[in-house]
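Structure, as structure tokens:
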């Protein structure tokens, strides 16, 4: 799927892009210089002159100076330059804006600079020249100048200019000369210069009108019936529906059967109804309040997703419109991630397509767009090309294009991946349909993305309750007088004698009657109807459990030993780095001896057991995850002689599931969104994202807030994604110590004031919460936590605040027997045998993570026997019962929470009310706290300060 850099040579021999106006005098100079010394001019000029027609070259070679050339040769050169100018810059003169408000020549009173080559006056053609016929044929270029074209490259100049204007400056504008590959630019030229005529039959035009009727009249119907509701309608850009329909229809004919669509809220209701086939009765019921969904929190109507199976052109197609929050472009990588996952599970890149719909202001302004398009050609991220459709309303909220971006169009970002850009007037249904099908053909041909910029307007302001005249009076005065696309196209078909006025009126009435019928049905739903309509809302594909007790996560000792020896054996013919050979030998010995099993080995064992025994795909991505940020994982090792790679986890069994470890692009928000989307595609897969350091997760906070922690409550969207956030204080400063656990815990929805005893008995406390937050302190418990994600009959996101220092801590190891335990340990009692009797324990310390080992070491140094140190491994949802167990056991103790983070950070804000609730129920409490002092910076970057703070912390904890 990667495009070869070698193809750049074809660009050097083809693409001519002068940067200055080219008049006759300048050409004369350049050609004369080239004749004397070809190497003295820029390579683009050398390529251009050497590409000229052989007959012209012969004439040129006979002259000592370009000024002596015959007039015909000079004119041929000029016409060729003009041709290229239209191909490169013609879009700047195209009729693209339905309102004629933001003229590209005069935008807000500021002249837009047109490149010299596109200005006809620079060529000084005479009236006589216009009537002459010229031979401008070129065997290297397709289109109008091709020897195989109907004209054989011979054109009367005035006809040629009109042809260029029609092809490049009509209601469609093309940008593609930033593409450096001749085959791709020739493909575009071929389609533009040969197929630009719209030969739509009467039936095809009527079909477009019917689709347009349903789109526009739905918006008008909603506007009339629900005048006090926001709906973020598509009024002014209804042809977007035609575009999506055209893409889907053409793609289905090309073998695509699965579509994943990501889009913002504008036009979503129309998309749900007219593309996804969502029930209008249900939709109207949500507006009326008669069809409340089963989800108590839920989300607004224009954020909801829907999956439907439609029959298109006689073939079945699944269309999945993903739910999306108001963060307009946040869904982009989620959609691409799900599409990539579908291709992975289908074992084919040719059956699933991703369609992304953008707003113009958001496309230009949101950084996640760039993060997404950088996945275009990356292993394990690409989807074989995304169809990008820009719903260009000419405005963002109240911000004009002049205020929203520096370029003329919002699509400049497409050039960074050499994607073609097609601008089209949204009031021209046939043109919209045509370019949408063309875009689909492009993706099919090259496996690359393409952008369609549909330029329209927004009839009612940002939402239907706004008054847009406050901020954009000129625009909305024009809009108030502007006929709708449906009305304009109806009149066009009537004028073409394709449709009668009566037929147009009948079509309008038929669609409105259909909407009225659904509206009447929606006024009342019985309880049984509501249950039936809602019961599938949160369903997912079946979740497999291999044993009768899905909560059991243990694996037999014999099987652990067998897997452990396999994954730590490097083939003899593989030349691993000596240090890695040593690491794998140590791991092999720990498995063989059953003692000292470290963190990375436990992780690999969890994955191996799922891959080989449960047929579960395991995927981990993030920056440097193959090796591991701390050089601890080595899931993929590299041959030191030939740089081949070896992933031991893919060589466990003949029919095992695939293991994928992906070193991601340097992105947090984009990649985490991608992995969340990947996890949505299949519940029977373990998908993990690892931040290079835990605090880097703040770059992905939008995905965490809007999708991962709230998606189930808002949209009924379960996800078992695992987020690994390395966390721990060891003197590395703010940016590499704190995973911001307090932020994640704040998002946990469990009640701090009530103890859910019935859930604990049934093992369902996590089922009733939105997320899990854990800070495991030993490798075996981490092993069980990973396996628990798959063993359950439901899915919840898991945040693991994983260690750094403990990866190699001599005491943070496990025995092989611990991997056979029944399940995750949510908390550990103090395991020490040296403590006094329970009644004589004066203090109980609760803690999480690596500080436990510091506390144990300090207690040992001071020879303290009456302080018990207990670990909370699963922080959220909170293990009330385990805290109460300690209170029952140590009845004369005081209780303290100890954390290495500052007081205003770390788990304390979350655990305090929950510990107090647990203790209060037994007549104990409240708990105290020992921490670093409150701080605006998460941690000190000075090792001496860090050490001093740790000494003070441990001293307070022991006193």
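All of the numbers you see were taken from the coordinates with simple rules; none came from a lab. Small disclaimer: the values here were computed from a predicted structure and weren't measured. Methodologically, a virtual Cβ is constructed for each residue, glycine included, from the backbone with ideal geometry; neighbour enumeration extends over all protein chains shown.
For the chain, what is the percent of antiparallel DSSP beta bridges, rounded to the nearest 5?
Values: 24 of 82 bridges.
Antiparallel bridges: around 30 percent, rounded to the nearest 5.
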For this session: Between the alpha-carbon centers of segment 606-683 and segment 448-484, tell me the distance in whole angstrom.
Result: 46
For this session: Can you figure out the FRET efficiency of residue 148 with residue 198, using R₀ = 25 Å and their beta-carbon distance, to the nearest 0.05?
Result: 0.65
Exercise. Can you give the angle from 0 to 90° between the axis of helix 182-194 and the longest principal axis of the chain, with both taken from C-alpha atoms, to the nearest 10?
Worked result: 50
For this session: From zero up to wherever the largest Cα-Cα distance of segment 218-257 sits, split into 5 Å bins and tell me the percent of pairs in each.
Result: 6, 21, 19, 14, 12, 12, 9, 6, 2
Exercise. Using 1/(1 + (r/R0)^6) with R0 = 60 angstrom and r between the beta carbons of residue 487 and residue 653, what's the FRET efficiency to the nearest 0.05?
Worked result: 0.40
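Helix-only mean residue ellipticity at 222 nm, the chain, DSSP H runs n ≥ 4 weighted -39,500 (n - 2.57), per residue, nearest 500. What is it? Working shown, then result.
Values: 33 runs with 374 residues, N = 959.
So the helix-based figure for the chain works out to -12000 deg cm²/dmol.
Does segment 402-534 come out rounded, prolate or oblate, given a ≥ b ≥ c as the square roots of the eigenvalues of its C-alpha gyration tensor, rounded meaning a/c under 1.5 and, failing that, prolate meaning a/b above b/c?
Taking the square roots of the gyration eigenvalues as a ≥ b ≥ c, segment 402-534 is rounded.
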For this session: For the chain, restrict the atom set to alpha-carbon positions and state the Rg and Dmax in Å.
Result: 33.3, 112
Exercise. By DSSP, what percent of the beta bridges with both residues in segment 794-906 are antiparallel, rounded to the nearest 5?
Worked result: 20
For this session: Between residue 698 and residue 666, with labels modelled 7 Å along Cα→Cβ, what's the label distance in nm to one decimal, could you check?
Result: 1.9
For this session: Would you calculate the separation in nanometres between label points at residue 955 and residue 190, each defined as 7 Å from the Cα along the Cα-to-beta-carbon direction?
Result: 8.0
Seminar exercise, completed: Under the 7 Å Cα-to-Cβ spin-label approximation, residue 746 and residue 345 lie apart by a distance in nanometres of 3.5
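Please say if segment 888-959 is rounded, prolate or oblate, where rounded means a/c under 1.5 for a ≥ b ≥ c the square roots of the C-alpha gyration tensor eigenvalues, and otherwise the choice is prolate for a/b larger than b/c and oblate otherwise?
Here segment 888-959 falls in the oblate category.
Starting from the coordinates of the alpha-carbon atoms of segment 332-476, obtain the Kirkwood hydrodynamic radius over all distinct pairs and give the value in Å to one decimal.
On the way: mean 1/r = 0.0616 Å⁻¹.
Over segment 332-476, the inverse of the mean reciprocal pair distance is 16.2 Å.
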Seminar exercise, completed: At q = 0.10, 0.14, 0.25 1/Å the base-10 log of I(q)/I(0) from the Debye formula over the alpha-carbon atoms of segment 172-273 is -0.43, -0.78, -1.28
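Kindly state, to the nearest 0.05, the FRET efficiency for residue 817 paired with residue 624, given R0 = 25 Å and r defined as their beta-carbon distance.
Working: r = 33 Å, r/R0 = 1.31.
The value I calculate is 0.15.
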Exercise. Ranked by Cβ crowding within 10 angstrom, fewest neighbours first, how are 494, 771 ordered?
Worked result: 494, 771
Problem set entry | Residues in segment 872-898 that a label on residue 829 would reach, taking backbone N under 13 Å of a point 7 Å out along Cα→Cβ | 882-891
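Compute the Cα gyration tensor for segment 642-758, then decide on rounded, prolate or oblate, letting a ≥ b ≥ c be the square roots of its eigenvalues: rounded whenever a/c is under 1.5, prolate when a/b is larger than b/c in the other cases, and oblate in all that remain. Kindly include the intermediate steps, with their values, before the conclusion.
On the way: a/c = 1.92, a/b = 1.29, b/c = 1.49.
It is oblate, given that a/c is not under 1.5 and a/b is not larger than b/c.
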For this session: Quote to one decimal, in nm, the extra length available between residue 517 and residue 705 on full extension: 0.36 nm per residue of separation minus the C-alpha distance between them.
Result: 63.8 nm
Exercise. Can you give the Kirkwood hydrodynamic radius for segment 554-710, in Å, rounded to one decimal and based on Cα pairs?
Worked result: 16.6
For this session: Could you pull out which residues in segment 861-880 have an amide N less than 16 Å from a spot 7 Å beyond the Cα of residue 713, following the Cα-Cβ vector?
Result: 876-878
Seminar exercise, completed: Cα convex hull volume per residue for segment 336-407, in Å³, equals 88
Exercise. Angle between the Cα long axis of helix 485-495 and the longest principal axis of the chain, 0 to 90 degrees, nearest 10?
Worked result: 30
Exercise. Could you give the length gained on full extension between residue 398 and residue 646, defined as 0.36 nm per residue of separation minus the Cα-Cα distance, in nm?
Worked result: 83.8 nm
Exercise. Which semi-axis lengths, in whole Å and largest first, follow from the square roots of five times the eigenvalues of the Cα gyration tensor of segment 827-958?
Worked result: 24, 19, 11
Seminar exercise, completed: Per-residue Cβ contact counts at 10 Å, fewest first, order 174, 674, 574 as 574, 174, 674
Problem set entry | Principal-axis tilt of helix 557-567 within the chain, Cα atoms, nearest 10 degrees | 40
